[in-house]
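Asks: Let me give you the structure first, and then I'll get to my questions.
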Amino acid sequence: MKRPDSSLFVLPFLLISYCVHSQVGEKAVTVYTTARENDQRLQQVGIIQFKPMGQPFETQTCVFADPEHTFQSFIGIGGAITDASAETFYKLPIDKQQQIIRDYYDADNGNGYSLIRTNIHSCDFSGGSYTYVDSMDITLNSFSIDHDRKFRIPLIKQAMQQGGNEMLIYASPWSPPAWMKDNNNMLQGGKLLKQYYSNWAEYFVKFIKEYEKEGIPMWGVSIQNEPMARQTWESCIYTAEEEADFLKNYLGPVFERQGLADKKIIMWDHNRDLIYQRVSSYFADPVVKKYAWGIGFHWYEDWSGGEDMYENVRRVYETWPDKPLLFTEGTAESFDASRYYAWELGEEYGRSMIHDFNSGAVGWTDWNILLDQFGGPNHVGNFCFAPIHANTETGEVIHTNSFYYIGHFSRFIKPGAKRMAVSSSRSNLLSTGFVNSDGSRVVVVMNETDKDTSFYLWVKGDAAMINSPAHSISTMVF
């Protein structure tokens with residue numbers, strides 16, 4: 001199949017949509033579709049009139065949208081700007097750099113990203129292990145972010161310039177410095193030594209303040225990336241009790257003392273499998289609950305080849321509805337360049353985003369925004385996919401299908417939106433929906449099957465018939 005030209009996804013979709021709606025009124029829905037069997041990529045495919053329908057019959061496939069019943073507030077969608085993303089970015093020609101920035105952060109012609117996650121010193125997607133201080137400097141007087149000024153900070157600033165200063169930026173550590181840990185190694189897990197809890201909390205403060213001196217306001221931090229994973233790369237283990245102790249007695253209080261009480265602190269930042277146990281352990285202590293903004297989670301829990309554990313996220317949302325849930329990382333692993341256009345890459349994103357939003361997530365953050373032709377750079381060989389890859393030798397920029405699938409949410413659902421009740425009468429149609437602050441309604445429907453399915457988008461007794469092609473995702477705005 002011919003690959004779509006990048007011009008297909010830089011059209012001013014939202015401007016077209018708003019102009020159309022001003023002419024046809026609220027009784028029409030504008031449909032945008034990405035489908036496997038043709039060249040449609042975030043393409044406007046129709047403007048369909050709502051007509052009175054009333055009670056549907058069981059033989060009629062419907063997606064029911066109820067804007068009168070809303071749930072959690074949406075904060076945004078985005079991706080991680082890592083060392084690997086930044087190093088790859090600055091190896092490209094200027095025109096390709098500009099294209100990538102527009103594709104991700106332009107609110108009218110791109111995916112309109114509004115979240116950025118970044119790493120506190122090195123992670124696996126860095127050229128090597130490094131920290132911001134000299135070894136055994138317990139005073140942290142040597143603290144310097146000079147390493148980040150070369151690539152990562154300039155890229156974050158470009159993203160902010162394109163996306164606007166309202167962008168929410170948060171940071172996560174993969175490991176404390178080796179000398180703070182019981183294994184004296186940033187890699188292979190290990191634990192933060194209790195004698196350095198206070199120093200490590202101060203390290204967070206210095207990171208935030210140094211980044212803010214660079215003009216990068218830090219919205220929040222997570223305490224530890226994947227605190228129950230002993231990885232071959234930067235990693236550190238915390239039990240629920242240890243993480244709660246660090247927050248309650250060190251990080252939370254030092255943020256208060258240093259004027260950083262407004263920074264959001266995210267706990268867990270790991271998979272859906274243990275999420276309920278962790279949260280129930282954390283929030284048994286009201287002081288921990290006071291300091292924690294919310295809970296971050298990833299999608300790598302599928303050890304047995306079974307279904308992803310979306311219901312675990314829903315249980316947390318039902319039990320602690322006052323604590324936001326934020327998807328903080330997910331990516332397709334085991335990079336293979338022959339699979340750039342594998343359709344399941346996009347479907348994995350669409351499936352997760354729909355279920356996670358329906359389970360209470362307020363936002364969704366992809367992993368690396370950009371990687372090279374080898375799925376890196378990565379200093380431990382943990383190569384992965386990204387929505388955009390770039391060949392640093394030829395300058396070619398490749399958009400995988402996940403880029404378009406993410407765009408079906410991020411281009412249309414705006415920060416401040418409220419999730420609305422959406423229900424499908426057929427299990428082959430996954431669906432979710434939001435009401436934007438301007439009153440526009442957005443419904444996303446995904447069809448993972450081999451069969452085209454027509455359905456009625458049913459709202460308050462009126463319905464519009466829409467076709468969902470096999471292996472497609474569609475966004476409806478009305």
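Asks: What are the extents of the Cα atoms of segment 75-412 along their three principal axes, in Å, largest first?
Replies: Between the extreme Cα coordinates on each principal axis of segment 75-412 lie 50, 45, 36 Å.
Asks: So for Leu325, Leu193, fewest C-beta neighbours within 10 Å to most, what's the order?
Replies: Least to most surrounded, the residues fall as Leu193, Leu325.
Asks: Run through segment 299-377 and list the chymotrypsin sites (Phe, Trp or Tyr not before Pro) located in a DSSP loop whose Cβ has at most 13 other Cβ atoms within 10 Å. Mind dumping the intermediate values first?
Replies: Values: sites: Trp299, Tyr300, Trp303, Tyr310, Tyr317, Phe327, Phe335, Tyr340, Tyr341, Trp343, Tyr349, Phe357, Trp364, Trp367, Phe374; in loops: Trp299, Tyr300, Trp303, Phe335, Tyr340, Tyr341, Phe374.
Within segment 299-377, the qualifying chymotrypsin sites (Phe, Trp or Tyr not before Pro) (loop, at most 13 other Cβ atoms within 10 Å) are Trp303.
Asks: Checking the a/c ratio against 1.5 first, then a/b against b/c, what shape does the Cα gyration tensor give for segment 323-478? All intermediate terms of the calculation are to be shown ahead of the outcome.
Replies: On the way: a/c = 2.37, a/b = 1.72, b/c = 1.38.
Prolate, since a/c reaches 1.5 and a/b exceeds b/c.
Asks: Segment 50-83: which chymotrypsin sites (Phe, Trp or Tyr not before Pro) are DSSP loop and have at most 12 other beta-carbon atoms within 10 angstrom? Kindly include the intermediate steps, with their values, before the conclusion.
Replies: Details: sites: Phe50, Phe57, Phe64, Phe71, Phe74; in loops: Phe50, Phe57, Phe74.
Hits after loop and neighbour filter: Phe57.
Asks: Between Ser427 and Glu68, what length comes free when the chain is fully extended (0.36 nm per residue of separation minus the Cα-Cα distance, one decimal in nm)?
Replies: Working: separation 359, 0.36 × 359 = 129.24 nm, distance 2.34 nm.
Full extension from Ser427 to Glu68 adds 126.9 nm.
Asks: At most 10 other C-beta atoms within 10 Å and a DSSP loop state: those are the exposed trypsin sites (Lys or Arg not before Pro) I care about. Give me the longest piece of the chain that has none. Show your work: numbers first, answer last.
Replies: On the way: sites that count: Lys2, Lys451.
Between the exposed loop sites, the longest stretch runs 3-450.
Asks: If one computes the Cα centroid of segment 121-147 and of segment 237-262, what distance in Å separates the two points?
Replies: Measuring centre to centre over Cα atoms gives 21 Å.
Asks: Something else now. Under a Cβ-only charge scheme (Lys and Arg +1, Asp and Glu -1), can you give me the dipole magnitude of the chain about the Cα centre, in debye to the nearest 20?
Replies: Details: 42 positive and 58 negative charges, 189 e Å.
Computed charge dipole of the chain: roughly 900 debye.
Asks: Take every Cα pair under 8 Å in segment 75-412 that's 6+ residues apart, average their separations, divide by the length, and report that relative contact order as a whole percent.
Replies: Working: 676 pairs, mean separation 68.0, N = 338.
Relative contact order, segment 75-412: 20 percent.
Asks: Name the residue farthest towards the positive end of the dipole of the chain from the options Ser222, Gln195, Ile48, assuming +1 on Cβ of Lys and Arg, -1 on Cβ of Asp and Glu, about the Cα centre.
Replies: Looking along the dipole axis, the top candidate is Ile48.
Asks: Please rank Met228, Met476, fewest neighbouring Cβ atoms within 10 Å first, as an exposure proxy.
Replies: Details: Met228 18, Met476 24.
Final ranking by Cβ density, sparse to dense: Met228, Met476.
Asks: Here is a further query. Quick one: which residues, 5+ away or cross-chain, put their amide H under 5 Å from the amide H of Thr432? H built at 1.01 Å from N.
Replies: For Thr432, the qualifying residues are Val444.
Asks: Give me the net charge for the shell around Ala84: Cβ to Cβ below 12 angstrom, other residues only, Lys and Arg +1, Asp and Glu -1.
Replies: On the way: positive: Lys91, Arg152; negative: Asp83, Glu87, Asp124, Asp372.
The answer is -2.
Asks: Still on this model: Modelled label-to-label distance, Ser454 and Ser281, 7 Å Cα→beta-carbon offset: nm?
Replies: 5.4
Asks: Also: How would segment 71-191 be classified by its alpha-carbon gyration tensor: rounded, prolate or oblate, with rounded meaning a/c under 1.5 and the a/b versus b/c comparison settling the rest?
Replies: Prolate is the answer for segment 71-191, as a/c is 1.5 or above and a/b outweighs b/c.
Asks: Excluding residues fewer than 8 places away in the same chain, name every one of the aspartates and glutamates whose C-alpha is closer than 14 Å to that of Lys191.
Replies: Answer for Lys191, where 14 Å is the Cα cut-off: Asp182, Glu226, Glu234, Glu241, Glu242, Glu243, Asp245, listed by chain and number.
Asks: Going down the list Lys157/Lys290; Lys181/Lys213; Lys96/Lys150; Lys289/Lys414; Lys213/Lys263, which pairs span over 23 Å between their C-alpha atoms? Provide the component values of the computation, followed by the final result.
Replies: Details: Lys157/Lys290 32 Å; Lys181/Lys213 29 Å; Lys96/Lys150 19 Å; Lys289/Lys414 28 Å; Lys213/Lys263 16 Å.
Flagged as over cut-off: Lys157/Lys290; Lys181/Lys213; Lys289/Lys414.
Asks: Let me ask another. Name the residues whose placed amide hydrogens come within less than 5 Å of the amide hydrogen of Ile116, ignoring near sequence neighbours (fewer than 5 apart) on the same chain.
Replies: For Ile116, the qualifying residues are Leu168, Ile169, Tyr170.
Asks: Compute the distance from the alpha-carbon center of segment 34-51 to that of segment 352-417, in whole Å.
Replies: Spelled out, the Cα-based centre of one part sits 22 Å from the other.
Asks: Rank these for me by crowding, Ile77, Ile48, Ile369, going from fewest to most other beta carbons within 10 Å.
Replies: Ile48, Ile77, Ile369
Asks: How much of the DSSP bridge set in segment 75-412 is antiparallel, in percent, rounded to the nearest 5? If you can, show how the numbers build up before the last one.
Replies: Values: 6 of 39 bridges.
Within segment 75-412, antiparallel bridges account for around 15 percent of the total.
Every number here is computed from the coordinates shown, using simple stated rules; none is lab data. Because the structure is a prediction, the values reported are computed rather than measured. Here Cβ is always computed from backbone atoms with ideal geometry, including for glycine, and neighbour counts include all displayed protein chains.
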